[in-house]
Each structure stands twice: as C-alpha cells, then as structure tokens.
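First the structure, in the form of structure tokens, and then the observations on it.
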Amino acid sequence: MNVRPYPEDYDYEPEEWDEMVERFADPGGESALHPATDSNPRDLPCRQCGRENVLTRADRAKGYCCDACARENELGY
C-alpha cells in the first residue's frame, strides 16, 4: 500500500482516499497510471513515444500511454 498520507486539504473521505491510493500511482494528481508493485512493475515502454520503463502491465492492458504523452494528447503540452 502507498504510504502517502491522507490529504486533509482535499474533499476526499478517508475510505475514498484509501481506494485512490490502491488504484493510482499519483492519487489526487493528474495521472491515471497504476502504482508499480512487485507483481506489476513499471518496466514497459510507452507505445506512443517509446520512453522506457514508464508503464506497468496493468497500464498496458488498459491501453494507457505515459503521463507526458497523455498530457500532450489531452492538453497539447
């Protein structure tokens, strides 16, 4: 489990935050990527830009690209 503390300044219930910590590499942030674990390491390249070691197997299974490419695709920068 991620050790990020519960952010008191966000509008999340503690249980909701616990779920986000389990699901997202950067809970409360902009990234949709899964957290890296022993069974789901961040060891795959981005299919879009080829940057190495930026995706987990769960990210790849969902068809995700790296955060830099996602930001470029969605926001144009």
Pull out the extension gain between Arg23 and Arg71, defined as 0.36 nm times the separation in residues minus the alpha carbon to alpha carbon distance; nm, one decimal. 15.3 nm
Phi to ³J(HN,Hα) by Karplus 6.51 cos²θ - 1.76 cosθ + 1.60 over segment 54-66, Hz, x for Gly, Pro: 10, 10, 9, 5, 5, 4, 4, 4, 7, x, 6, 10, 5
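Every read-out reported here was derived from the displayed coordinates using simple, explicitly stated rules and does not represent laboratory data. All of these numbers come straight from a predicted model, not from anything done at the bench.
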